[in-house]
Structures are given as C-alpha cells and as structure tokens.
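Computed from the coordinates by the stated procedures, all read-outs in this text should not be read as laboratory data. Treat the numbers as computed from the prediction; the structure is a model and nothing was measured. Positions of Cβ are backbone-derived with ideal geometry, glycine not excepted, and every protein chain shown enters the neighbour counts.
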Amino acid sequence: SIASLPERFHGCLIGLAVADALGAPYEGLTSDDIFYRFGAGTHVVTNPDGDTLYYTDDTEMMIGLAETLVSEGHVDGEKLIAAFVANYHPDRGYGRGARQILETAATGGDWREVARTIFPGGSLGNGAAMRVAPVGLLFHDSPEQVWEQAKQSALPTHQHPVGIEGAQLLAHAVSLAVQLSEIQRKHFLTALLDRVETESFQWAIRSALKIKRGDSISGLGSTLHADRSVVTAIVCFVDSPDDYAFAVGRAISLGDDTDTVAAMAGCLVGAFAGIQAIPAKAVEQFERSRKGIAYIRELANRLVIRHTNR
Ligand code: 8NA
Ligand code: MG
Ligand code: MG
Ligand code: MG
C-alpha cells in the first residue's frame with residue numbers, strides 16, 4: 001500500500017463507520033436470507049439498500065473512544081464512560097449489557113458493579129472490539145501500549161477475558177495494518193497468534209490458518225461473541241486487504257452480526273489501503289448528522305496530531 005499515515009487514519013475510522021452502516025440493515029439475518037433477498041455481499045456494498053446509510057452503536061462508541069483519546073491522550077475509564085453516555089442514542093442498536101451499563105452511568109448509579117455482574121464472568125460480546133480501532137491507530141508504534149490501552153478501553157463494559165482479548169486482538173491488527181506496506185496472510189495471522197493468550201482466540205486463529213484463501217469462513221462464526229467474530233473480520237481483511245467492497249461484502253454475507261463484523265473488517269482495510277479505498281458512493285449516502293463523516297474525519301486528524309506529538 002502507498003497510502004500515507006493520515007490517509008490510513010481517515011480510512012480506518014471512516015472505513016469502520018461506513019461498513020457499520022452498510023451492514024446494519026442485515027443484522028440478525030441468516031447468510032441465505034441476505035443472498036436470496038439482497039444478493040451477494042459485494043453487490044450489497046456497491047449498491048447499498050435505501051437512500052441513507054445510518055450508523056449504529058459500533059460507530060457511536062468508536063467516536064466516544066476517539067474523543068477520549070484526543071482529549072486525554074490515553075484511556076481513562078471514567079472519562080470513557082462519560083463520553084459513551086454523552087453520545088448514547090438507545091435507538092442505535094446497543095447490546096443488552098452495554099445498554100444497562102450506560103443507563104446506570106447516566107443516572108449516577110454504580111456502573112462498574114453492573115459491568116462486573118451483567119453476565120457470568122462479565123461480557124464476552126464483541127462490543128469492546130468493534131470500537132477499539134482508534135487505540136490501534138494512536139499507539140501503533142508501541143505494541144505494549146496497544147495491548148494495555150485496548151484492555152483499558154474494554155474494561156468499563158467488558159470484563160470477561162474473551163471480551164477484553166477480542167479488543168486487544170483487533171487493536172493489534174489495526175496497529176499492524178496501519179504500518180505495513182504489504183499484507184502476507186500467513187505472517188499476519190501468525191503474528192496475531194503469537195500475541196493471544198485465551199484458548200478461544202488461539203483456536204480461532206489456528207483454524208483461520210488452516211483455511212485456504214477464498215474458502216468458506218462461516219465456521220469461524222459471525223455472532224456477537226468476540227471469539228466468534230473478531231478473527232472472522234480479520235480473515236476478511238487479510239484475504240483482500242485492498243478491496244474494501246469484497247472484504248466488507250464478505251463480512252456482511254456471513255449474516256448475523258453483520259454490522260459489527262463488517263465494521264471490524266472495514267477499519268482494517270481502511271487502515272491498510274487508506275481513505276481512497278472506501279467507495280465514494282457509500283460515503284455520499286452516509287447520514288448527514290452532527291457527528292457524521294466530517295466529524296469522524298476531524299477526529300482522525302486530531303489522532304494524527306496526537307500521535308505525532310507523543
Ligand atoms: P453486550 O455486552 O450486551 O454483549 C452482547 C451479547 O453477548 C449479550 O447480550 C449476551 O447475549 C452475550 N453475552 C455477553 N457476555 C456473555 C457471557 N459471559 N455469557 C453468555 N453470553 C454473553 O453488547 P456489546 O457491547 O458487546 O455489543 C455486541 C453487539 O451488540 C454488537 O453487534 C452490537 O452491534 C450490538 N447489537 C447486536 C445485535 C444482534 O442481534 N446481533 C443487535 C443489536 C445490537
Ligand atoms: Mg451495531
Ligand atoms: Mg510514529
Ligand atoms: Mg452488531
């Protein structure tokens with residue numbers, strides 16, 4: 001890739017938001033339903049359904065995390081929850097756990113206690129991974145900081161080791177994608193395998209290494225559990241790192257948690273190939289809200305400045 005660092009920061013955050021919005025109409029549908037009713041994944045990306053593409057919780061929480069990093073330079077759990085609450089629109093399709101934690105925080109309750117007890121061992125949802133991309137960007141030249149800051153960005157809502165490591169894994173993948181000039185599938189996946197500690201992610205990455213490029217990846221999963229979606233999104237990226245429509249379309253075509261798998265794949269392609277890789281038509285159809293494309297672009301600019309001044 002010949003994309004510059006600012007183009008990659010823009011590509012990552014806008015690639016995430018656009019893929020989230022492209023995938024959202026199909027969330028919860030099966031792979032078969034999507035194909036028969038709407039066509040192949042690539043078609044869905046190049047001919048988006050409906051006039052306006054609306055983003056969901058994935059983008060809204062990414063914005064909150066990016067705002068916190070821009071203002072603080074690192075993750076502060078208290079400030080992060082405050083940013084999530086300030087941006088919170090319940091109609092954006094939040095997970096059950098996230099909703100309870102944010103509504104508790106909004107009314108001055110003990111949100112940390114809710115985060116600890118909401119599910120057995122805490123949440124292992126992919127919600128911490130879907131929003132983590134700004135951490136991978138800001139700290140990309142420091143693997144230890146990526147790993148630690150990704151954990152800090154997960155903890156306020158995701159206490160389960162799988163929920164946390166899903167975020168660490170995706171942040172690490174973003175940090176590699178933003179620096180590399182070429183993606184070698186096997187090397188990339190092996191670098192990730194060396195990093196993970198939970199059995200779930202070791203299993204998922206080992207499985208991905210056994211799948212040949214282009215083979216079906218439905219066995220890796222596309223559900224809202226982090227260990228059944230984060231590696232899937234990473235494979236969509238490594239199999240076609242410069243082809244946004246193909247990578248994001250493939251993520252959507254798997255069905256189920258389409259917005260989130262697409263968002264994670266889309267941020268990786270954008271981090272590698274830059275803003276120029278994102279289809280202009282989808283960007284044009286993106287909702288014109290206060291925190292829309294221009295605002296996300298500005299957050300990416302500020303992260304570039306934060307990174308340069310570190
Ligand atoms: P979360 O923390 O509520 O977790 C998501 C879900 O995962 C929970 O509602 C549970 O069903 C399940 N879960 C989490 N932890 C455990 C556990 N320890 N044991 C058993 N089950 C568990 O939400 P999140 O912030 O992680 O968000 C994840 C997803 O929710 C994203 O896809 C996001 O877009 C959103 N979402 C998903 C759907 C959908 O049906 N696919 C719909 C709307 C919103
Ligand atoms: Mg969503
Ligand atoms: Mg640097
Ligand atoms: Mg989702």
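Quick check on the stretch 136-224: take the gyration tensor over C-alpha atoms, sort the square-rooted eigenvalues as a ≥ b ≥ c, and tell me if it's rounded (a/c under 1.5), prolate or oblate. Oblate, because a/c is 1.5 or more while a/b does not exceed b/c. When you restrict to C-alpha pairs under 8 Å that are six or more residues apart and normalise by the size of the chain, the relative contact order lands at 34 percent. Contact order, relative form, for the stretch 89-137: 28 percent (alpha carbon pairs under 8 Å, 6 or more residues apart, mean separation divided by residue count). Only lysines eight or more places from LYS291 in sequence, or on another chain, were considered; those with a Cα closer than 27 Å are LYS79, LYS151, LYS281.
Comparing SER229, SER71, SER153 in a Gaussian network model of the chain where C-alpha atoms under 10 Å apart are linked, the largest mean-square fluctuation is found at SER71. Cβ-Cβ distance of ALA40 and VAL283, R₀ of 25 Å, FRET efficiency by 1/(1 + (r/R0)^6): the value works out to about 0.75. Length available on full extension from LEU180 to ASN309: 0.36 nm per residue minus the Cα-Cα distance, which gives 44.3 nm.
Shape verdict for the chain, please, from the Cα gyration tensor: rounded (a/c under 1.5), prolate (a/b greater than b/c) or oblate. It is rounded, given that a/c, with a ≥ b ≥ c, falls under 1.5.
Let me make sure I get this right: for the stretch 97-185, a, b and c are the square roots of the gyration tensor eigenvalues over alpha carbons, sorted descending. Under 1.5 in a/c it's rounded, otherwise prolate if a/b > b/c, else oblate. Which is it? Cα axes put the stretch 97-185 in the prolate bin. At R0 = 45 Å, how high is the FRET efficiency between ASP141 and ALA86 if r is their beta carbon distance? Nearest 0.05 is fine. Efficiency, from the Cβ-Cβ distance: 0.90. When the chain is modelled as a GNM with alpha-carbon springs shorter than 10 Å, which of GLY41, GLY28, GLY108 fluctuates the most? Between GLY41, GLY28, GLY108, it is GLY108 that shows the largest mean-square fluctuation. Model label sites at THR52 and THR107, defined 7 Å from Cα along the beta-carbon direction, differ in position by 3.0 nm. Distance between the C-alpha centers of the stretch 245-310 and the stretch 152-227? Whole Å please. Here the answer is 19 Å between Cα centres. When the chain is treated as a GNM with alpha-carbon contacts under 10 Å, the residue of HIS140, HIS172, HIS89 showing the greatest mean-square fluctuation is HIS89. Taking amide H as placed 1.01 Å from N in the peptide plane, the amide H of PHE286 sits under 5 Å from that of LEU53, each at least 5 places away or on another chain. Proximity of backbone amide H atoms, modeled 1.01 Å from N, is registered between GLY255 and no other residue at under 5 Å, excluding neighbours fewer than 5 places apart on the same chain.
If the chain linking GLU148 and TYR295 were pulled fully straight, counting 0.36 nm for each residue of separation and taking away their Cα-Cα distance, it would gain 50.2 nm. Computed over the stretch 1-93, the convex hull of the alpha-carbon atoms projects to a mean area of 8.0 nm².
Amide H contacts for GLY125 (H built 1.01 Å from N in the peptide plane; partners 5 or more residues away or on another chain; cut-off under 5 Å): ALA226.
If the cut-off is a Cα-Cα distance under 29 Å, which lysines reach LYS212, setting aside same-chain residues fewer than 8 apart in sequence? Counting by Cα, and skipping residues close in sequence, LYS212 has these lysines nearby: LYS186.
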